Amino acid sequence: MSMTGKRPMIGSVHGMVACAHPLAAEAGAAMLRTGGNAFDAIAAIASALNVVEPFMSGLAGMGMATCHIAKEKRIRCLSFVPPVPEKLPVERLRDREDLARGPLACGTPGNLAGWCELVKAHGRKSLAEVFAPAIAIARDGFLLTAFGSYSFNASTPEIEPYKNIFEGWRKNYLGGGREVSQGQLFKQPDLARSYEAIVAEGPHHLYGGALGKAIVKHLGSIGGTLTEKDIEGVKPEWLDPIAVTYRGLSVHSVPPPAESFQYLLTLAVLDGFDFKKLERNGIDHIDTVFRAIRLAAGVRIERNRPSPEELKEILSSAEIEKLRARVKDGKPVEGLTEQWVPTRPNPNKEHTTSFSTADAEGNVICLTQSLGNKFGCGVVVPGTGVCLNNFLYWGEVHPQGKAYLKPGSPLPLCLAPSVSTRDGKPVLALGTPGSYGISQTQTQVMVQHADYGLLMQDAVEEPRGRLWDGKKVQVESRMPASTVEGLRKRGHDVEVTDPWTWVVGGMHGISIDPKTGAKIGGCDPRRDGYCIGT
C-alpha cells in the first residue's frame, strides 16, 4: 500500500467533533467525554475558536446553527443574527467598502447569546464547564500555527490604514509589535477575564451589563452608532428549517432571511442529473455543478429575503425544471454570484468558521459563525480582549438592492449550516466558511459524498472551485487539466490556483451510519481542521 499524504479517516461509534483547530476540537471532545452532549460540545468549540482562531469568529460575531434534537426527534434552527442597528446612517454610505472596517461596520453581537441558548435549551453542562477550555487557553496561551500566524500578520497592512483602531488591535494581537511567528506562545488575559465575568453573570454581562456598555461607549468614542438598546434587544430565535430532497436525503438548513436557500436550490436542480454516469471530476461533472451554482446564485440575488410563499415558488418543481433546462442547454452561463451590483473579488474578506458535533444519543449540530472580515471591523474594546464584527459589509448600501441595510430590518447572511436526515434519522452535518462561496462549497462536497460515495474526509479533500461575478471561476490546480481546459471551452473564465487554497472554503462535517451509529469526521486541510472521536 502506498501512502497518500492525506488526513486519516477519523471514526467513532460514540461522539464526534469536527472543527477548524485541534484545541477547539479537544474542548468539544472533553464535553462529550465528561457527560455533556453535542449542545455542550458545540458551545465549547465555539468559545475556544474565539481564542485560537480570533480572526475568524468570536463572542461579538454572529452565527446560525442547524440541529437535530434527539429528544424531540426533529430538526430545528437557531439564528443569532441580530437585525441592522437602529441608528446606522445608511444614507451616508455610498459603497460597500465604506463598511469594510471601522466602527460603522459593526453589527450587533449575537454569538454569545446563541451559544448560551444552545446550552440552556438542550445542554447538560453549566456555562462554567462549557467555557472552561476557552478560559484556560486564553489565560495559559497556545502556540500559533502557520495558518494562524499568517492570518495575524496578513491583517496588519489591512487594518493599519484605520488609525483610530489600529493601535488597539495591534496591542491586543501583536503585543504592540509588527508580527507574530509560527510556534509563538500567544496569550489573551483580557479575553480570559471577559469569559470569567460571563461565567459569573451569564450572557447578561454582554446583553445589558458591563461588557455591552463598554462596547457601546468605545464605539461611540470613535464614530460608531451601535446602541445599548441594540445589544439589549438581542434574542436568539428558534426556527423551523427549510429542506429539499437530494438523493433520498432530506437536507435542512436555516430559513430566510438567511441565504441558505441558494444551497438547497442548487441541490434541487442537481437532483435531476445522474452523476454516476459522469466521470468524477471530469468536465461534465464539474461543468454541470458550476452551471447550477451560478444559476441558483442569480435567483438568490434577485429574490433575496423571500416570503414563505415566494420561497415555496422558488423551490417549486416548475421553477427547478426551468433551471435544469438551462443547465442542460449548453449555452454559457454568466451572471452575478455575490450581490445585486458587481463586486470586486476579494477572498481576503471572507473569514468564517463552521463546525459540527454529534453524540451517541442522536443530537447532531452544524454551526457556522463569523466576525465577517478577518478580525471583523478591527475594533478591539480596550481591556476586554473582544474584537467586534463587520457583518454590515454583507448587506447592500444601494437602496434598490434586495438586501438593503434598512435600520431595524433583518440582516440576510450567506451562512448555511446543514443537517441531513434519511428516513428521519440524522446522517450528515455539513458546513463551511467562504462568504458567498459557502453554498458553492457545500454543494461540491455533497456531490462528492452523496453521488460518488466518497467518505467524509475524502470528499472534503477533493479539489474544488469558487465562482465569482461574470464567468470567472477559480479552481485548485489538482483539478484534472482536461477538465480545466474543457471548462474554458464551455465558456468559463478559469483561473487555476494553488493545489490547496482556502478561497474554496474550510469544510467540516460528520457523516453517520443510521444503522450502527458509526460516525466519520471530515476536516479541511485548507485550514487547521481537526476531528476527534470519543
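What follows draws every value from the coordinates through simple rules; no lab data is involved. No experiment lies behind these values; they were computed from the predicted model shown. Glycine gets a Cβ as well: all are built from the backbone with ideal geometry, and neighbour counts include every protein chain shown.
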| In the stretch 148-194, which trypsin sites (Lys or Arg not before Pro) fall in coil by DSSP and have 13 or fewer other Cβ atoms within 10 Å? | R178
| task | Using amide H atoms built 1.01 Å from N in the peptide plane, name the residues 5+ places from G529, or on other chains, whose amide H lies under 5 Å from its own. | result | D524
| request: Tabulate in residue order the Karplus-calculated ³J(HN,Hα) for the stretch 458-475, using 6.51 cos²θ - 1.76 cosθ + 1.60 with θ = phi - 60°, rounded to whole Hz; enter x for Gly and Pro. | output: 5, 4, 5, 7, 4, x, 9, x, 9, 8, 10, 3, x, 10, 5, 8, 9, 10
| field | Label point distance in nm, E310-K331, each placed 7 Å from Cα along Cα→Cβ | value | 2.5 nm
| field | CD proxy at 222 nm, helix term only [per DSSP H run n ≥ 4: -39500 (n - 2.57); per residue of the chain; nearest 500] | value | -10500 deg cm²/dmol
| note | Simple spin-label estimate for K171/W340, 7 Å along Cα→Cβ, in nm, reads 4.1 nm
| task | If a/c stays under 1.5 just call it rounded; otherwise compare a/b with b/c (prolate if a/b is bigger, oblate if not). Do that for the stretch 92-237, with a ≥ b ≥ c from the square roots of the Cα gyration tensor eigenvalues. | result | oblate
| field | Estimated FRET transfer efficiency when R0 is 30 angstrom, pair E321-S477 (beta carbons, to 0.05) | value | 0.25
| field | Residue among L315, G168, G58 farthest towards the positive dipole end of the chain, charges placed on Cβ | value | L315
| request: Please give the contour-minus-distance gain from M9 to E228: 0.36 nm per residue of separation, less the Cα-Cα distance, rounded to one decimal in nm. | output: 74.1 nm
| query | E495's amide H: which non-local residues (gap 5+, or another chain) put their own amide H closer than 5 Å, with H modeled 1.01 Å from N in plane and none for Pro or chain starts? | reply | V473, Q474, V475
| request: Pairs to check: K73/K406; K73/K125; K277/K425; K276/K515; K328/K472; K328/K519. Give those whose C-alpha atoms are more than 30 Å from each other in this structure. | output: K73/K406; K328/K519
| said: Output wanted: per-residue J couplings in Hz (rounded whole) for the stretch 198-204, from phi through Karplus 6.51 cos²θ - 1.76 cosθ + 1.60, θ = phi - 60°, x for Gly and Pro. | reply: 5, 4, 6, 10, x, x, 4
| request: Please give the length that would be gained between A518 and A121 if that part of the chain were fully extended, namely 0.36 nm times their separation in residues minus their C-alpha to C-alpha distance (nm, one decimal). | output: 140.3 nm
| task | State to the nearest 20 debye the size of the charge dipole of the chain about its Cα centre, where the only charges are +1 on K and R beta carbons and -1 on D and E beta carbons. | result | 220 debye
| task | Find, among the trypsin sites (Lys or Arg not before Pro) in the stretch 84-153, those assigned to loop by DSSP (not H, G, I, E, B) with at most 11 other beta-carbon atoms within 10 angstrom. | result | R94
| said: Quick check: Cα centre of the stretch 371-410 to Cα centre of the stretch 1-62, how many Å? | reply: 26 Å
| message | In whole Hz and in residue order, list the ³J(HN,Hα) couplings for the stretch 36-50 that follow from phi through the Karplus curve 6.51 cos²θ - 1.76 cosθ + 1.60, θ = phi - 60°; x for Gly and Pro. | response | x, 10, 5, 5, 5, 5, 5, 6, 5, 5, 4, 6, 5, 5, 4
| query | Sequence-distant or interchain residues sharing an amide H contact under 5 Å with V386, placed H: which? | reply | V381
| task | Run the quick spin-label model on K406 and R94: label points 7 Å from Cα toward the beta carbon, then report their separation in nm to one decimal. | result | 2.5 nm
| Sites matching GluC sites (Glu not before Pro) across the stretch 156-187 that sit in DSSP coil, with at most 13 neighbouring C-beta atoms within 10 Å | E179
